[in-house]
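Data block below; observations after.
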Amino acid sequence: MSARAAAGSPTQADTGAPESAGLSPAGAEGSLAATAEGAGDGLSAQRDAPVGGQAVLEGVMMRGVSNWAVAVRKPTVEQLQEGERSPEEPALGEIAVSSFPLTSVLKRRRLLRVPIVRGVVALGESLVIGFRALEVSANAQLPPEEEQEIPRGVWAGTVVVALALAIVLFFLIPVGLTSLIKGQLGSSFLFWLIEGVVRTSIFLGYLLLLSRLRDLRRVFEYHGAEHKTISCFEAGLPLTPTNAQRFSRLHPRCGTSFLLVVMIVAIFVFAPIGLPAWYWLVATRILGVPLIAGISFELIKFAGRNRRRRWVQVVMWPGLKLQLLTTREPDLAELEVAIAALKAVLELETPGELSAADLVGVELVA
């Protein structure tokens, strides 16, 4: 792991992206008009780039083709001396950036690059990287003497538990509740339709609850900063907080949109199963999760590549609007952190100049 620090002033990031990032400041205003269009609360880039990311504690993780980086705003000495601070209180110190190499198993195993399968593998890798990024960001909020490295076994267990809870909440509980009225329905069509409505309702209620948690407000702001920064890069503009601020905080490859697609795809995947015994219903809801995730991943990839098509925009509109619950408008200081993470990735690779061989196995969600 390599780490470096940069001063925490938004104006210091307004110097544009380095030449190695493949971004040209020439004709920036014309590029804005030509490559972006309205997306509800800002501009939206009209091309897809092999970069993705995730909001973390007081920061952002950005992932490229062969590297990923975490940029975190650290607390000041005064804030550390004051003790535990409120999650709503922003860190006011410098930006710490940590970079890590990335070699996806998809590059090494051709069989894993089959459509649907590749999505399952990519999502698994994203979960692992995401939890590691959270560890980095959490340590950055502590005094140096309190920082600790969590064993990989603990992170693996955390991923397994998180997946198990998601399966129980969004798949087993809906089928269990619908099974209570199974005898009154008398129709497999009504069963899977009602189960799908229950599942989607639980999901929407879950997101609505999260959106009202004050402790997550700054995480959602960094989520918006991540989206704006990626869109700014995809539009080919210099990476500055003021440029990124003009873009939408909604992104077609967002994990929130992906999860909504999962809820809808599940309805159609489970439809042909009919009304078997309860234990088969439970088994299919568990075993069907990888298939549903893989199909949903392909749909999100397709939407990202074809975001200029009007019918794609119409289909993806609900997912985009759902991101209004999981993102908030970031300030310039938060955008500076997101930009620092992306620049750390771009210093080691240039997505716009990669060959087809370089992009083999690259599957990312913003």
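Bear in mind that the values in this text are calculations on the coordinates, not laboratory data. Since the structure is predicted, the reported quantities are computational estimates derived from the model, not experimental observations. In this analysis, Cβ positions are derived from the backbone assuming ideal geometry, glycine residues included, and neighbour counts consider all displayed protein chains.
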Quiz prompt | Cβ-based exposure ranking for 284, 240, in which fewest neighbours within 10 Å come first | solution = 284, 240
Practice problem: Would you please give the residues with an amide H less than 5 Å from that of residue 56, counting only those at least 5 places away or on a separate chain, with H modeled from the backbone geometry? | Solution: 61
Quiz item: What is the set of long-range amide H partners of residue 67 at a cut-off below 5 Å, with H atoms built 1.01 Å from backbone N?
Solution: 102
Quiz item: Do any chymotrypsin sites (Phe, Trp or Tyr not before Pro) in segment 171-227 lie in a loop, going by DSSP, with at most 15 other beta-carbon atoms within 10 Å of their beta carbon, and if so which?
Solution: none
Practice problem: Find the centroid of the Cα atoms in segment 186-260 and in segment 72-105, then give the distance between the two in whole Å. | Solution: 23
Self-check item: Filtered trypsin sites (Lys or Arg not before Pro), segment 166-217: DSSP coil and at most 16 other beta carbons within 10 Å
Solution: 212
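Counting Lys and Arg as +1 and Asp and Glu as -1, each charge on the Cβ, what is the dipole of segment 102-185 about the Cα centre in debye, to the nearest 20? Walk me through the intermediate numbers first.
On the way: 9 positive and 6 negative charges, 182 e Å.
Its charge dipole is roughly 880 debye.
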Quiz item: Are there trypsin sites (Lys or Arg not before Pro) in segment 248-305 that DSSP puts in a loop and that have at most 16 other Cβ atoms within 10 Å, and which ones?
Solution: none
Quiz item: With each pseudo-label sitting 7 Å past Cα toward Cβ, what's the residue 86-residue 282 distance in nm, one decimal?
Solution: 4.5
Quiz item: Rg and Dmax of segment 36-134, Cα atoms, in Å?
Solution: 17.7, 53
Quiz item: Is there a pair in 301/343; 182/321; 182/301; 107/343; 107/321; 321/343 whose C-alpha atoms are over 30 Å apart, and which pairs would that be?
Solution: 182/321; 182/301; 107/321
Quiz prompt | Length gained when the stretch residue 147-residue 246 is fully extended (0.36 nm per residue, less Cα-Cα span) | solution = 32.0 nm
Exercise. Pop out the ³J(HN,Hα) list for segment 162-170 in order, Karplus 6.51 cos²θ - 1.76 cosθ + 1.60 with θ = phi - 60°, rounded to Hz; leave Gly and Pro as x.
Key: 4, 5, 4, 5, 5, 5, 5, 5, 9
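Can you give the FRET efficiency to the nearest 0.05 for residue 66 and residue 188, using r as the Cβ-Cβ distance and R₀ = 56 Å?
Rounded to the nearest 0.05, the efficiency is 0.75.
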